[in-house]
Amino acid sequence: MWGQYLADELDNLWTQAYGALHDQVSNVRFDLTLLALREAVECQKVNCTLAASIMCRNTIESVLFALHQWQRKRPAQIALGWDQRRRIRSLIKWAKGNGVLTDRQVKKAEEIVEQGDFAAHFEERVSEERLRHGTQGESYRVDLGSQEALHTIKDTIKLLTAIPDASYVKNRLNSKCRN
């Protein structure tokens, strides 16, 4: 029973995000953003919490990259390449400076990215925790709970559904209407 309730809740949340991005900001291609979010939702449904958190991080990166590229004539000057942490951080900084994210939303985006980083580098992080705390008999983190991952998905969806109200998006849409 709880599993079906959770699955229905996740599907409803995904539908909200889809409506916010696809219907309200239709002139930006959010295909990969929505695909990443769908993956996060599907992973959470089968309790793959690490994968769900990684896909939430990917969703944040994807939506910010899509907005950054919106109506640009040249490729991004964002840090492209293998250093994904720097790339995501530079996109968040750009989003804050351009009215895409508020200070509170930046904090949430950073939390989502941190959770995704933890999940993506799980073995490495657990090993660090063992070294730091394990020899002294202290407890350390060895998993990513289902509730944590669900909370991360909900935070990700809240950020996505706020995108159409961002001043950057409104200004872009208004300038397109005037042209």
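Could you identify the single residue in ALA20, ALA40, ALA36 that is modelled with pLDDT under 90 and under 15 Å from THR156 (Cβ atoms)? Reasoning before the result, please.
Values: ALA40 fails: modelled with pLDDT under 90; ALA36 fails: modelled with pLDDT under 90.
ALA20 is the lone residue from the list that is modelled with pLDDT under 90 and under 15 Å from THR156 (Cβ atoms).
If the condition is being small (Gly, Ala, Ser), out of contact with any helix residue (DSSP H, G or I) (no Cβ under 7 Å at 6 or more places or on another chain) and over 11 Å from THR161 (Cβ atoms), then the stretch 1-38 contributes GLY3, SER26.
Given the conditions (1) modelled with pLDDT of 85 or more; (2) of a type outside the set (Ser, Thr, Tyr); (3) farther than 14 Å from TYR168 by Cβ, which single one is not true for ARG74? Checking ARG74 against (1) modelled with pLDDT of 85 or more; (2) of a type outside the set (Ser, Thr, Tyr); (3) farther than 14 Å from TYR168 by Cβ, the one that fails is (1).
Could we say that LEU101 is hydrophobic (A, V, I, L, M, F, W, C), modelled with pLDDT of 90 or more, buried (at least 20 other Cβ atoms within 10 Å of the Cβ) and not in a helix (DSSP H, G or I) here?
On the way: hydrophobic (A, V, I, L, M, F, W, C): yes; modelled with pLDDT of 90 or more: yes; buried (at least 20 other Cβ atoms within 10 Å of the Cβ): yes; not in a helix (DSSP H, G or I): yes.
Against the criterion (hydrophobic (A, V, I, L, M, F, W, C), modelled with pLDDT of 90 or more, buried (at least 20 other Cβ atoms within 10 Å of the Cβ) and not in a helix (DSSP H, G or I)), LEU101 qualifies.
Scanning the stretch 126-162 for residues that are at pLDDT 65 or above, within 29 Å of GLY3 (Cβ to Cβ) and of a type outside the set (A, V, I, L, M, F, W, C) turns up ASP143, GLY145, SER146, GLN147, GLU148, HIS151, THR152, LYS154, ASP155, THR156, LYS158, THR161.
The values are calculated or read from the model by the stated rules, or taken from the named source; none is laboratory data. Note that this is a predicted model, so its numbers are computed, not measured. Heads up, the Cβs are rebuilt from the backbone with ideal geometry, glycines too, and the neighbour counts pull from every protein chain shown.
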